[in-house]
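The values are calculated or read from the model by the stated rules, or taken from the named source; none is laboratory data. Everything numeric in this text was worked out from a predicted model, so none of it was measured. Using ideal geometry, Cβ is built from the backbone for each residue, glycine included, and neighbour counts are taken over all protein chains shown. Surface areas here come from the heavy atoms of the whole protein model, side chains and all, with no ligands, DNA or RNA. Shrake-Rupley method; radii C 1.70, N 1.55, O 1.52, S 1.80 Å.
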Amino acid sequence: MKPILLQGHERSITQIKYNREGDLLFTVAKDPIVNVWYSVNGERLGTYMGHTGAVWCVDADWDTKHVLTGSADNSCRLWDCETGKQLALVKTNSAVRTCGFDFGGNIIMFSTDKQMGYQCFVSFFDLRDPSQIDNNEAYMKIPCNDSKITSAVWGPLGECIIAGHEGGELNQYSAKSGEVLVTIKEHSRQINDIQLSRDMTMFVTASKDNTAKLFDSTTLEHQKTFRTERPVNSAALSPNYDHVVLGGGQEAMDVTTTSTRIGKFEARFFHLAFEEEFGRIKGHFGPINSVAFHPDGKSYSSGGEDGYVRIHYFDPQYFEFEFEA
């Protein structure tokens, strides 16, 4: 397995995301550039220029017409995927940490940081009503008082938001009323990443407490735990195997050596049912900040603190591999 190396960022990667078909890979980093690549050969298709600060999050809608990005320049922007034109700009009071389209692609959600005296909010805009964007008035804003939201995704059928917090709590907010439907605390430290399974029935969380956990996406019932000895920055579920990939490593500020051997910067593969690790893939010269499975399950990508994105296509042995419990 020889990875395809994507060099399009000068700073560390914050998030990578495939579109639904998996032919495109969107990458954002702590520089203001948003890149989109062909996932098959790693060729860069283009960039979305306009942000003036680190970009924390990216999402593409169901049919890859629009791209949504949230940035530390206190803005959330909507782009035309094909032309790279900026279609909308929503100004916020603090940095936009997470963003996402609902299943239909008509409603966007984003959360802002608690900073500079401003509170952490989850805002909802309906793109079918242009006046909401023009007047910068969300049709719903959910305040989040206790600990700030560090990652959030749309739940199944766009009925709720699943949000992970700095303190390790998981909340489910209704997208209709904004009320908190379920609250659980399974993690002891910050939740860095949440990713849904392909059929949206389950999701996996990655946390600073050195674990990734699997939950039911409607009840938030805790099902599995994957333990490592380093903080987990990102975790993704395979669409067609019972596999989960974890990316992490030392905290970026604690990294002193440049040897990939010492740093434990591998991507780790666990079996979903048995919670056992069955493989590791080296590569990054620093912690892995974001991992994503290709929607066909034949490859996965990882983005690291070193500013590189690597697309790994699996060898035939991976598909023939039988896990012996």
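Observations
- Inter-part distance, segment 94-149 to segment 230-248, computed on C-alpha centroids, equals 27 Å.
- Residue of Phe101, Phe314, Phe285 that the Gaussian network model of the chain assigns the largest fluctuation, springs spanning Cα pairs under 10 Å: Phe314
- Relative contact order computed over segment 137-285 (Cα-Cα under 8 Å; 6+ residues apart), in percent: 13 percent
- Comparing Pro231, Pro295, Pro130 in a Gaussian network model of the chain (Cα springs below 10 Å), the most mobile by mean-square fluctuation is Pro130.
- Amide H contacts under 5 Å for Ala88, placed H, 5+ residues apart: Leu78
- Reported label for calculated volume of the Cα convex hull per residue in Å³ given [x] 264; [y] 140; [z] 124: [z]
- Charge dipole (Cα centre; +1 on Lys/Arg Cβ, -1 on Asp/Glu Cβ; no other charges) of the chain amounts to roughly 720 debye.
- Our summary gives the chain a relative contact order of 13 percent, counting only alpha carbon pairs under 8 angstrom and 6 or more residues apart.
- Under 5 Å, built H, 5+ apart or other chain: amide partners of Thr14: Val28, Ala29, Lys30
- Considering only Ser302, Ser188, Ser75, the mean-square fluctuation computed in a Gaussian network model of the chain, springs between alpha carbons under 10 angstrom, is largest for Ser188.
- Charge-dipole axis of segment 3-318 as Lys and Arg at +1 and Asp and Glu at -1 on Cβ define it, positive-most pick from Ile33, Gly104, Phe125: Ile33
- Leading residue at positive end of dipole, segment 1-159 (Cβ point charges), from Thr92, Ala54, Leu24: Ala54
- Cut-off under 5 Å, modelled amide H: who pairs with Leu24 long-range: Asn19, Ser39
- Each residue of segment 13-28 was assigned a 3J(HN,Hα) from its phi angle through the Karplus expression (A = 6.51, B = -1.76, C = 1.60, θ = phi - 60°), giving 5, 9, 7, 10, 8, 7, 7, 5, 6, x, 7, 10, 10, 9, 10, 10 Hz with x at Gly and Pro.
- Residue (of Val153, Gly178, Ile191) at the positive-pole extreme of the chain, dipole from beta-carbon charges: Ile191
- Within the accessible area of the chain (1.4 Å probe), percent carbon and sulfur: 48 percent
- Unsatisfied cross-links (Cα-Cα over 26 Å) in the set Lys185/Lys282; Lys141/Lys208; Lys30/Lys208; Lys91/Lys148: Lys185/Lys282; Lys141/Lys208
- Accessible area per residue for segment 3-318, computed on protein heavy atoms with a 1.4 Å probe, is 41 Å².
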